[in-house]
Amino acid sequence: MERKSFLKSLMIGAVTSSIVAEACQKDSIATSTSSSGSTTTGGTSVINGSCSVAPTETEGPFPTKSPASYVRSDITDGRTGYKLAVNIFLVNSNNSCNALPGALVDIWHCDAQGNYSEYGGSGLQSTNYTSVHFLRGRQTTDSNGAVAFTSIFPGWYSGRATHIHVHVYNSSGTSLKVTQIAFPEGSGTAVAAVNGYSKGLSGYTYNASDNVFGDGYALELATVTGNTTDGFVLNITFAVPA
Amino acid sequence: MRIITLSYRKIIDITAQKPWEKLVYDDSYLEFKIQAQNFTIGTDHTTYAQLIQNIPAAKKLGGMVSASVSGYIQQLNNIVPDILNNLGRRFIKFDKYQFEIINSDILDIGKHQVAINFFSGPMIWHDTVDNMLLVSEYRAAHAGNETLTYLFTIQPYVNIHSLKNTY
């Protein structure tokens with residue numbers, strides 16, 4: 001088993017390691033002259049009797065640390081809908097409910113039509129990943145335990161009340177809490193004002209019959225203010241054990 | 001005339017040495033750990049293989065984790081890394097790529113192994129010289145004119161991804 005993985009690492013090394021390639025430069029005498037087939041000589045892959053040319057280029061480009069494309073505050077990605085500011089505050093239930101700084105907060109929700117962004121499946125991807133991951137974002141809580149996103153008011157789909165998914169991680173990426181944000185409903189609420197966009201609310205699943213919120217949602221219920229002209233503002237505080 | 005596209009499957013594992021590869025490795029592992037928890041919570045699964053065998057929705061993980069490397073792909077400026085022509089220069093332009101998780105384990109970074117598949121734009125395969133292919137970038141407007149060409153050897157993890165004969 002160990003030998004197998006050692007051999008495997010040699011094969012990979014032949015492609016990626018500049019040290020290996022250096023051992024087989026054009027102006028040095030080739031180490032192998034086998035006339036056909038592929039052989040492995042001391043970690044150097046030799047194909048059809050000749051070795052691959054070593055890189056002879058100006059060094060660079062020099063890579064720089066780049067965050068995941070989820071890390072952004074505006075997650076709208078051109079999706080149309082009523083503007084929604086999402087303000088989430090985290091407190092630490094293991095620390096006297098004081099603010100929880102430095103936590104990663106992922107949110108995602110559906111668009112006005114009730115669709116989520118696709119992950120692309122097995123097809124070829126274009127390089128523009130921001131449009132692939134629309135309405136998904138990540139922020140790190142500040143010293144007040146707060147994160148802020150700009151998005152659109154979510155639409156709805158069959159079987160679920162309006163909701164936003166939230167996943168909270170500590171700074172090293174360990175899950176602290178998976179939850180969802182529920183929206184107030186009834187006359188005068190944002191859900192009523194948005195009225196399901198073009199769909200209306202016929203067949204809408206209200207919180208009480210929702211399979212996630214149906215067993216109680218008091219701690220997941222956000223405060224939502226605003227109107228369809230100026231947009232809406234959502235505030236919610238979650239206590240998580242950290 | 002044979003028009004081909006080339007693909008290169010760049011495998012990155014724990015032995016990665018170059019800065020770009022290490023950044024891709026570490027950041028894709030962190031993102032895998034983060035995203036895998038959407039599926040592992042409440043189960044005993046820790047590996048990618050267990051997840052995709054037992055939880056159909058976990059197939060999304062490749063796409064979910066790909067967001068962690070897209071910034072690094074952009075830093076390549078659309079030139080396929082590692083693959084050199086006979087002058088020792090990188091020469092394959094790509095505009096499509098696909099990120100792939102081969103193996104991983106939320107408890108063991110050593111098991112993490114990913115690949116980035118790069119796909120070239122269309123190229124003309126003019127001839128085969130010795131053990132090398134003579135190719136040029138396909139530009140329909142240049143038909144009949146002098147064309148700049150590249151000689152290169154097919155290397156491990158490089159494939160002729162597609163081929164079209166035009167007469």
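The values are calculated or read from the model by the stated rules, or taken from the named source; none is laboratory data. Computed from a prediction, not measured in an experiment: that's the story for all the values here. Note that each Cβ is placed from the backbone with ideal geometry, even for glycine, and that neighbours are counted across all protein chains shown.
Look through the range B:52-70, keep the residues that are in a helix (DSSP H, G or I) and over 17 Å from residue B:28 (Cα atoms), and return whichever of them is nearest to the other protein chains (Cβ to nearest Cβ).
Narrowing the range B:52-70 to residues in a helix (DSSP H, G or I): B:52-54, B:56-66, B:70.
Adding the requirement that they be over 17 Å from residue B:28 (Cα atoms) leaves B:52-54, B:56-57.
Numbers: B:52: 12, B:53: 16, B:54: 18, B:56: 12, B:57: 10 Å.
Out of the qualifying residues, it is B:57.
Does residue A:78 count as out of contact with any Leu (no Cβ under 8 Å at 6 or more places or on another chain), at pLDDT below 95 and not assigned by TED's automatic domain parsing to the domain that holds residue A:236? Don't jump to the end; show me each part of the working.
Numbers: out of contact with any Leu (no Cβ under 8 Å at 6 or more places or on another chain): yes; at pLDDT below 95: yes; not assigned by TED's automatic domain parsing to the domain that holds residue A:236: yes.
Here the answer is yes, as residue A:78 does meet what is asked.
The C-beta contact set for the range B:80-99 (first residue within 7 Å of chain A (Cβ to nearest Cβ) and on the phi < 0 side of the Ramachandran plot, second residue in a strand (DSSP E or B) and basic (Lys, Arg), distance under 9 angstrom, 6+ apart or interchain) comprises B:84/B:90. Taking the range A:173-199 as the range and being within 19 Å of the chain's Cα centre (by Cα) and either closer than 15 Å to residue A:71 by Cα or touching a residue at least 12 places away in the same chain (Cβ under 8 Å) (or both) as the test, the residues that pass are A:173, A:176, A:177, A:178, A:179, A:180, A:181. Kindly establish whether residue B:105 is more than 23 Å from the chain's Cα centre (by Cα) and either acidic (Asp, Glu) or at positive phi (or both). No: the conditions fail for residue B:105. Quick check: anything in the range B:109-120 within 8 Å of chain A (Cβ to nearest Cβ), closer than 30 Å to residue A:55 by Cβ and small (Gly, Ala, Ser)? No: zero hits. Tallying residues that are closer than 21 Å to residue B:155 by Cβ and touching a Gly at 6+ places or on another chain (Cβ under 6 Å) within the range B:58-94 yields 1.
In the range A:151-194, how many are among the hydroxyl-bearing types (Ser, Thr, Tyr) and part of a loop (DSSP other than H, G, I, E, B)?
Going through the range A:151-194, the residues among the hydroxyl-bearing types (Ser, Thr, Tyr) turn out to be A:151, A:157-158, A:162, A:169, A:171-172, A:174-175, A:179, A:187, A:189.
When the remaining residues are screened for being part of a loop (DSSP other than H, G, I, E, B), the result is A:157-158, A:162, A:171-172, A:174, A:187, A:189.
Looking only at that region, the number is 8.
Residues being closer than 20 Å to residue B:151 by Cα, in a loop (DSSP other than H, G, I, E, B) and not polar (S, T, N, Q): count how many of those fall in the range B:71-94. Qualifying residue count for the region: 9. Criterion applied to B:15, B:47 was being touching a Ser or Thr at 6+ places or on another chain (Cβ under 8 Å) and more than 7 Å from chain A (Cβ to nearest Cβ), and the one residue passing it is B:47. Residues in the range B:116-167 that are of a type in the set (A, V, I, L, M, F, W, C) and part of a loop (DSSP other than H, G, I, E, B) were compared, and the one that is surrounded by the fewest Cβ atoms within 10 Å (Cβ to Cβ) is B:148.
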